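Inspection log for the structure reproduced underneath, given as structure tokens.
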2 protein chains.
Amino acid sequence: MTTMKAAQKRAQAKVEYNAFLAGCPSRQLLDRISDKWVVLILCALGGDNSAGQPGAAHADAPKAMRYSEISRLLIGVSQKMLTQTLRSLEHDGLLTRTVTPTVPVTVSYELTDLGLSLHHMTRGLRSWAQTHMAEVLANRENYDSRTS
Amino acid sequence: MTTMKAAQKRAQAKVEYNAFLAGCPSRQLLDRISDKWVVLILCALGGDNSAGQPGAAHADAPKAMRYSEISRLLIGVSQKMLTQTLRSLEHDGLLTRTVTPTVPVTVSYELTDLGLSLHHMTRGLRSWAQTHMAEVLANRENYDSRTS
DNA sequence: GAGAGAAACTTCCTATCGGGAAGTAGGCAC
DNA sequence: GTGCCTACTTCCCGATAGGAAGTTTCTCTC
């Protein structure tokens with residue numbers, strides 16, 4: 001392991017990990033990142049926290065956010081799932097958790113480089129959902145009228 | 001709504017779809033596509049069904065697949081979830097379902113253009129999971145040893 | 001002509017999971 | 001001391017995913 005160059009390791013990884021196989025670690029990883037809260041949290045920390053103009057590819061402004069900020073932005077997330085998801089992301093090295101012993105304790109979360117690389121993917125997902133929303137709604141109506 | 005001019009509608013649409021809002025349709029859509037089976041099925045139908053050779057960034061070969069083919073490829077999926085997910089994807093217009101009345105009936109599924117556009121995203125997710133697997137595993141070990 | 005078998009589901013039961021609400025810790029303000 | 005603040009943690013329950021067995025329609029075998 002330690003004798004391999006990074007490039008070699010990466011090359012081998014591609015053959016070894018196949019996300020279609022149930023037992024493969026990469027499958028478990030894919031299962032975990034294919035989660036609505038993971039996607040939303042990464043989008044939030046990645047900086048696309050505005051309403052998000054579809055066309056306007058505003059530059060990433062990955063920023064540190066406090067627990068309560070995230071909870072306020074991701075309307076509908078329960079405290080339990082937020083904490084749980086943040087912990088698992090920290091565990092996987094996608095974000096860092098920093099505790100500042102201020103008056104009431106302050107905890108802030110920030111994407112790591114690894115988390116940022118995944119953010120590029122989740123950002124695409126979110127933007128896809130927003131840009132193709134109308135099309136999907138039309139398809140649903142179409143489908144429902146055909147089958148009725 | 002119908003009395004609005006196109007420009008006004010467009011202006012409002014920009015604010016209307018925000019995946020961070022719990023009630024927004026795009027949030028529901030994002031929740032649905034941020035699902036492990038959705039991601040895996042799209043990857044399967046999108047054509048990256050091989051283990052993924054290192055150098056060969058093989059071109060997409062989106063192909064029609066039969067129910068049993070998908071079920072065999074996505075090891076671990078239950079028939080119930082496979083059927084359910086395929087139906088919802090068909091409902092949203094991401095794929096087509098074709099029944100051929102052969103000897104034992106043949107049902108084949110194929111991505112639509114819309115599904116194909118989402119496939120670009122899910123493909124990225126899968127490839128991310130496979131390429132960064134080693135890094136994540138290392139982070140986990142690191143984290144566990146720190147906290148123990 | 002009575003199974004057996006194959007593809008694509010469908011149904012039922014149970015284990016697991018997510019959401020809601022209430023409880024906790026530790027420090028400060030009143 | 002009472003209450004409030006943030007960031008959780010715990011408990012309970014309804015929703016959901018998974019496993020396995022049943023269903024349908026045809027054809028092929030014995």
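What follows draws every value from the coordinates through simple rules; no lab data is involved. In this text the structure is predicted, and so the values were computed from the model without any measurement. Cβ placement follows ideal geometry from the backbone for every residue including glycine, while neighbour counts extend to all protein chains displayed.
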Going by average Cβ neighbours within 10 Å, how do the peptides A:78-89, B:107-118, B:35-46 rank, with the highest at the top?
-> B:35-46, B:107-118, A:78-89
Cross-link partners of B:Lys36 among aspartates and glutamates (Cα-Cα below 14 Å; sequence separation of 8 or more within a chain) | A:Asp31, A:Asp35
Which cross-chain or sequence-distant (5 or more) residues have an amide H under 5 Å from the amide H of A:Arg66, H modelled 1.01 Å from N in plane?
-> A:Tyr109
How crowded by other chains is B:135-143, given as the mean number of beta carbons from other chains within 10 Å of each beta carbon?
-> 5
Give me a single rounded figure for A:29-41: the average over its residues of other chain Cβ atoms within 10 Å of their Cβ.
-> 6
What percent of all Cα-Cα pairs in the stretch A:30-142 falls in each 5 Å bin, counting up from 0?
-> 2, 11, 21, 23, 19, 12, 7, 4, 1, 1, 0, 0
At 7 Å out from Cα toward Cβ: B:Glu69 inter-copy label distances (nm, ascending) = 4.8
Under the definition of partner shielding as Cβ atoms of other protein chains within 10 Å of a residue Cβ, what is the mean value for peptide A:116-127?
-> 5
Residue separation between B:Asn142 and B:Ile75 times 0.36 nm, minus their alpha-carbon distance, gives in nm 21.1 nm
